[in-house]
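Written out below as structure tokens is the structure these notes cover.
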Amino acid sequence: MKADFDSPNVRKTIIKLALPMIAAQFVNLLYSIVDRIFIGHIPGIGPIALTSVGLCFPIIQIVAAFTNLYGFNGGSPLSSIERGKGNLKEAGLIMGNSFALLVITGVVLTLLTEIFASPLLFIFGASDKTINYALSYLRLYAIGFTFSLIATGMNAFINSQGFSNVGMKTVLIGALLNFILDPIFIFIFGWGVRGAALATCISQLVSALWVLKFLTSSEPILKLKKSDMVLEKKRVKSIVTLGTSGFIMGATNSAVQIVCNRMALMYGGDILVGAFTIINSVREIFSTPVNGLTSATSPVMSYNYGAKRYDRVMKASNFAIMVSATFSTIFALSIELFPNIYISLFSSDPTMLDVTARAMRIYFSLFVFMSFQQVGQSTFVALGKAKHAIFFSLFRKIIIVVPLTILLPLFMGSDGVVAAEPISNLIGGMASYLTMRLVTSKEFKKSSS
């Protein structure tokens, strides 16, 4: 069923898009979460193997950031704006250029990772105990970078055209395959972390093929054509400029993870690095509904912005903050009360449970304000306001989190490594959201007068 972007019932349109998108993102999360769950329970080496896989996160996050650059935050909203204007030709060219950029980037990232994997992992916080497991996982995982970029980046164009059910199937196919292959490769074949990486590569390949099959069929409004893939400088610049905010948000997540791993290793050893692996995994699980909601809201806002229906733009933004803030509050409360329920998914090691529970309560204490960051950010992106979106990506992560992650442990020890996140959520989240409301209020009032 295709969502109606012209419907005056904005909430209904968002919900119609959001439910399958949230389901799809949950399923997509299984790609990495299932790996960590199985790896964390490998007899004898579970905690150290889980820590090792966590060291690969910065590179994996960089790869995911490129799907924001060319897809969710770059090409997809630009394409939606052009569709809102009725310019289907330009919308198709934007999609074709985005696809070409995803493929080229995937190949380059694979080559760079294969060449520089070892020194990068040591920079990211690897120790002599973890480096071999991390290398085994990363070098095989990197083979599937191009498949991952196509599956995720081009799925944004499926969702933005209203085919969120198809988008859900994209990740459902791959994630279920990964869920089946993981235990077979890890335990039955005895391939350990390499088995987890191979299962993910195969699953991402299947998802990518599904995306290409749909986008070249007769069903979508915009079809992927070879003639649209010829890169044009002005078009590429527009995609990259708008998508840079989403890329920076992903890339700065990677930078923060590197700093956190280094400081965690310094103040808490491998066990605290492993605790951050679990914390990031839990954060991904409960960020997914908010991400799905904002992903569904973005094309609705872009389309109505292109059609100059500003009241619907703000209805969509208001609905997103109301739902996401409520959900985040409930989740954070459950973390404070029952942290071990989440931690036990990834490890049964008593030391890991104790260290992670303390760190998790600090980390998620002000998680609700992350909703304000995400909604403010997604609204700026949906309206094509790249400079504002880029600034607030940098502001929260680079200006607030990184310095605090380095400075707070001098006074608070290992707790300081974790405490930087809730502080940044409060300051960065409110700054992003309040600025968005001020900017949009002025623009819409001026345009309506």
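The values are calculated or read from the model by the stated rules, or taken from the named source; none is laboratory data. Given the structure is predicted, the values throughout are model-derived calculations rather than measurements. Here Cβ is always computed from backbone atoms with ideal geometry, including for glycine, and neighbour counts include all displayed protein chains. Areas reflect the complete protein model, heavy atoms only, side chains present, ligands, DNA and RNA absent. Shrake-Rupley method; radii C 1.70, N 1.55, O 1.52, S 1.80 Å.
Looking across A332, A382, A316, one residue alone is hydrophobic (A, V, I, L, M, F, W, C), under 19 Å from the mean Cα position of the chain (by Cα) and within 22 Å of S295 (Cα to Cα). It is A382.
So for the stretch 350-365 (the condition being among the hydrophobic types (A, V, I, L, M, F, W, C) and touching a Gly at 6+ places or on another chain (Cβ under 8 Å)), does at least one residue qualify? Scanning the stretch 350-365, I find at least one residue that is among the hydrophobic types (A, V, I, L, M, F, W, C) and touching a Gly at 6+ places or on another chain (Cβ under 8 Å), so the answer is yes.
When the stretch 111-141 is filtered for residues that are of a type in the set (G, A, S) and surrounded by fewer than 24 Cβ atoms within 10 Å (Cβ to Cβ), the ones remaining, listed by number, are A117, S118, S127, S136.
Residue-by-condition table, conditions (1) under 23 Å from P119 (Cβ atoms); (2) open to solvent by 30 Å² or more (accessible area, probe 1.4 Å):
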{"position": "V230", "(1), (2)": "no, yes"}
{"position": "G250", "(1), (2)": "yes, no"}
{"position": "M263", "(1), (2)": "yes, no"}
{"position": "A275", "(1), (2)": "no, no"}
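Within the stretch 142-176, the set of residues being under 30 Å from S118 (Cα atoms) and open to solvent by 50 Å² or more (accessible area, probe 1.4 Å) comprises I143, F147. The combined condition, being free of Cβ contacts under 8 Å to residues at least 40 places away in the same chain and open to solvent by 30 Å² or more (accessible area, probe 1.4 Å), is not fulfilled by R283.
Restricting attention to the stretch 207-266, the residues that are among the polar types (S, T, N, Q) and closer than 30 Å to V417 by Cβ total 7. From the residues in the stretch 232-248 that are surrounded by fewer than 23 Cβ atoms within 10 Å (Cβ to Cβ) and hydroxyl-bearing (S, T, Y), which one is farthest from L410 (Cα to Cα)? Out of the qualifying residues, it is S238. Selection of the stretch 199-220 for residues being open to solvent by 70 Å² or more (accessible area, probe 1.4 Å) and either within 20 Å of the chain's Cα centre (by Cα) or touching a residue at least 12 places away in the same chain (Cβ under 8 Å) (or both) yields W210, E219. When the residues of the stretch 32-83 are filtered to those that are more than 21 Å from the chain's Cα centre (by Cα) and among the small types (G, A, S), the one that is surrounded by the fewest Cβ atoms within 10 Å (Cβ to Cβ) is G44. May I ask you to list pairs of residues, at least six apart or on different chains, whose Cβ atoms are under 7 Å apart, with the first in the stretch 242-268 being closer than 9 Å to G125 by Cβ and touching a residue at least 24 places away in the same chain (Cβ under 8 Å) and the second being of a type in the set (S, T, Y) and not in a helix (DSSP H, G or I)? If the second residue must be of a type in the set (S, T, Y) and not in a helix (DSSP H, G or I), the pairs left are L265/S127.
Pick from the stretch 315-346 the residues that are part of a helix (DSSP H, G or I) and aromatic (F, W, Y): which of them is surrounded by the fewest Cβ atoms within 10 Å (Cβ to Cβ)?
Here is the first cut: in the stretch 315-346, the residues part of a helix (DSSP H, G or I) are 315-337, 339-343.
Right, trim to aromatic (F, W, Y) and you get 319, 327, 331, 342.
Working: F319: 19, F327: 16, F331: 19, Y342: 20.
Among residues in the stretch 315-346 that are part of a helix (DSSP H, G or I) and aromatic (F, W, Y), the one surrounded by the fewest Cβ atoms within 10 Å (Cβ to Cβ) is F327.
In this entry, V402 is excluded by the filter for residues that are touching a residue at least 60 places away in the same chain (Cβ under 8 Å), β-branched (V, I, T) and closer than 24 Å to P289 by Cα. Listed by position, the helices (runs of 4 or more DSSP H) enclosed by the stretch 361-449 that each have at least 2 residues that are over 27 Å from R83 (Cβ atoms), at pLDDT 90 or above and open to solvent by 10 Å² or more (accessible area, probe 1.4 Å) are 368-382, 402-407, 409-412, 414-448. In the condition set (1) within 21 Å of P47 (Cβ to Cβ); (2) open to solvent by less than 10 Å² (accessible area, probe 1.4 Å), P183 is compliant with all but (2). Of the residues making up the stretch 120-145, those that are part of a helix (DSSP H, G or I) and small (G, A, S) are A134, S136, A142, G144.
Number of residues in the stretch 158-168 that are more than 16 Å from the chain's Cα centre (by Cα) and in contact (Cβ under 8 Å) with a residue 60 or more places away in the chain equals 7.
Answer yes or no as to whether T356 is farther than 27 Å from L272 by Cβ, among the hydroxyl-bearing types (S, T, Y) and either touching a helix residue (DSSP H, G or I) at 6+ places or on another chain (Cβ under 9 Å) or open to solvent by 10 Å² or more (accessible area, probe 1.4 Å) (or both). So T356 does not fit the description; no. Checking the stated criteria, S98 turns out to be under 15 Å from I150 (Cα atoms) and buried (at least 24 other Cβ atoms within 10 Å of the Cβ).
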